[in-house]
Amino acid sequence: MNTETRDVFERAAAHSIAFREAIPDRKVPQSADIGEMVRRFRKPLSDKGSPAINVIDDLAAKAADGLNGMCAPSFYGYVLGGSHPVGVAADMMVSAWGQNAASALETPAIAALERTVCDWVIDLLGLPENSGAGLVTGASVANMVGIMAARNGLLSRQDWDVEARGLFGAPEVPVLIGEDAHSAVHAALRYAGFGSERVTYVATDAEGRMDLAAFMVALDACQAPPLVVLQAGQINSGAFDTFEQLVPAVHAQGGWVHVDGAFGLWLAAVPELADRLAGVQQADSWAVDLHKWLNAPFDAGMIVCKDRAPLVRSMSARGSYLPDLQEQWEPSDSTPELSRRARGVPSYAILRHLGKSGVREMVIRHCNFARQVSDRLKRIDGITVLNTVASNQVALAFGEGKEGDVQTQNVLREVQRRGFTYPSHGTWLGRQIVRVSIINYATTQDDVDLLCEEISGAWKKIMNV
Ligand SMILES: *Cc1c(COP(=O)(O)O)cnc(C)c1O
């Protein structure tokens, strides 16, 4: 290796360390906007190249104020993991190794590591032991893959080989989803050819869970085995569908249950919390993120499918025929990609580092913090918690009615402007909300104290008291 190459690797590592070291001292949000970033970066590509080290230095310098502290323990926006350092370190090696993770033939180390991640996650979540599994970019793709596997499985029950014959002229497959399903599920159904308008939306309760009576009516109306998408962890309320009641009813009709468990499925790893999603293991497929609660660096998610055959039939790039399932596990048989980075390796490192107890401790800590934030803030006049905290999400509304919506947005703006903590926005039960997601591996009691002070302080400021 020449000196220039060694220097550029070391420089990238140094910039990475400096960025993470500065996290406690910086504000969470970025300070430069997209206009400024475009001005800096979006220049004509010069004819002449630049020395590698200059490119890396320039990148670090110019991007710095356009980066959000998403990996900070005070980031509570959306539902995002914090890129755990041991995962980031492993990810650096993934890039350096330059392995194409498509096949076990030439990259046995990667195939074995990723297979192990699948086994460990399946075991931690209590999913069926011999499930098929694939590592994808996140829950959006995992939902899409699960729905495509379901499409294969359900149409084959109606003697239709969708991989060979396509969807034109295929028998109908009824699709039931809750009115509060994540937008990624809607998108996944579109990608899989189910369309958004021929889906039946089932009414939900105040926590976003499917209403049992409405569900039974919709299920009874199905003329063929249906695809039902349930949720483990509603994005605003963190709530869980009542799997114990719903899943057996779907199976009695020969249907397929896919679970969007992007973040919430991780509660299944914790014996003390698992009863909140009792029966989830009876489903047929599950989408779960690794870059959310496991805090893997972006991007990493997983599809798990109880019956491996429909997963492989719908995904394998070898063709629509069924590959010999007895042979070596091929990573690309269960995912849409052929060539891809070894995105499972960082999760291997994080799981090894935390162990089962570390994962459980983290999930419990976050759920306890969420409960605490809710208990503390709802005692304050004018602050309403709109959800019963079932996991790590807290939906906060301020004031009342239309005026309250404006006040809620002002509270969020003020908290984000101060920049010490960073919750995000949303709408829930017809109201604007400030949404708090507690999911970063490093979040401590001090961070949660600060969060409560920042939010209550902003509310007092808005109210002029
Ligand atoms: C985040 C999320 C998704 C989408 O996952 P990505 O990892 O962003 O692709 C889907 N469903 C739920 C419930 C989520 O929280």
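The values are calculated or read from the model by the stated rules, or taken from the named source; none is laboratory data. All of these numbers come straight from a predicted model, not from anything done at the bench. For neighbour counting, all protein chains shown are included, and Cβ atoms are generated from backbone atoms with ideal geometry for every residue, glycine included. Please note that ligands, DNA and RNA were not included when accessible areas were found on the heavy atoms of the full protein model with its side chains. Shrake-Rupley method; radii C 1.70, N 1.55, O 1.52, S 1.80 Å.
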- Quick one: count up the residues across segment 284-295 that are more than 12 Å from the ligand (Cβ to nearest atom) and not polar (S, T, N, Q). 1
- Identify the single condition in (1) touching a Pro at 6+ places or on another chain (Cβ under 8 Å); (2) part of a helix (DSSP H, G or I); (3) within 16 Å of the ligand (Cβ to nearest atom) that A142 does not satisfy, given that it satisfies every other one. (1)
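Here is a yes/no grid of residues against (1) modelled with pLDDT under 95; (2) open to solvent by 60 Å² or more (accessible area, probe 1.4 Å); (3) farther than 22 Å from E207 by Cβ:
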| position | (1), (2), (3) |
| --- | --- |
| S347 | no, no, yes |
| R360 | no, yes, yes |
| G382 | no, no, yes |
| N387 | no, no, no |
| K402 | yes, yes, yes |
- Taking segment 118-139 and keeping only residues that are within 16 Å of the ligand (Cβ to nearest atom), under 17 Å from D299 (Cβ atoms) and outside any strand (DSSP E or B), one is left with V121, T137, G138, A139
- Note on the structure: Taking segment 51-83 and keeping only residues that are in a loop (DSSP other than H, G, I, E, B) and out of contact with any strand residue (DSSP E or B) (no Cβ under 9 Å at 6 or more places or on another chain), one is left with P51, L67, C71, P73, S83
- Among (1) within 22 Å of L273 (Cβ to Cβ); (2) out of contact with any strand residue (DSSP E or B) (no Cβ under 8 Å at 6 or more places or on another chain) - the single one Q393 does not satisfy: (2)
- May I ask you to verify whether A269 is within 16 Å of the ligand (Cβ to nearest atom) and open to solvent by less than 20 Å² (accessible area, probe 1.4 Å)? no
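Conditions tested, residue by residue: (1) open to solvent by 60 Å² or more (accessible area, probe 1.4 Å); (2) among the aliphatic types (A, V, I, L, M).
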site	(1), (2)
P73	no, no
Y78	yes, no
G82	no, no
A111	no, yes
- Got at least one residue in segment 173-189 being more than 19 Å from the chain's Cα centre (by Cα), more than 16 Å from the ligand (Cβ to nearest atom) and assigned to a loop (DSSP other than H, G, I, E, B)? yes
- Item | Unmet criterion (only one of (1) open to solvent by 60 Å² or more (accessible area, probe 1.4 Å); (2) in a helix (DSSP H, G or I); (3) within 16 Å of the ligand (Cβ to nearest atom)) for F298 | (2)
- Message: Condition first: open to solvent by 30 Å² or more (accessible area, probe 1.4 Å) and either in a loop (DSSP other than H, G, I, E, B) or among the polar types (S, T, N, Q) (or both). Now tell me which residues in segment 84-99 satisfy that.
- Response: S95, G98, Q99
- Query: Scanning for something at positive phi and open to solvent by less than 10 Å² (accessible area, probe 1.4 Å), does segment 194-217 turn up at least one residue?
  - Reply: yes
- Note on the structure: Of L135, L127, the only residue that is in contact with a helix residue (DSSP H, G or I) (Cβ under 9 Å, 6 or more places away or on another chain), closer than 19 Å to L267 by Cα, open to solvent by less than 40 Å² (accessible area, probe 1.4 Å) and in contact (Cβ under 8 Å) with a residue 24 or more places away in the chain is L127
- Near pairs, Cβ below 9 angstrom, 6+ apart or cross-chain, from segment 248-259 (open to solvent by 60 Å² or more (accessible area, probe 1.4 Å) and at pLDDT 95 or above) to any residue that is in a loop (DSSP other than H, G, I, E, B) and among the hydrophobic types (A, V, I, L, M, F, W, C): Q253/C222; Q253/A224
- Find the residue count for segment 142-175, including only residues that are touching a strand residue (DSSP E or B) at 6+ places or on another chain (Cβ under 6 Å) and surrounded by fewer than 14 Cβ atoms within 10 Å (Cβ to Cβ). 0
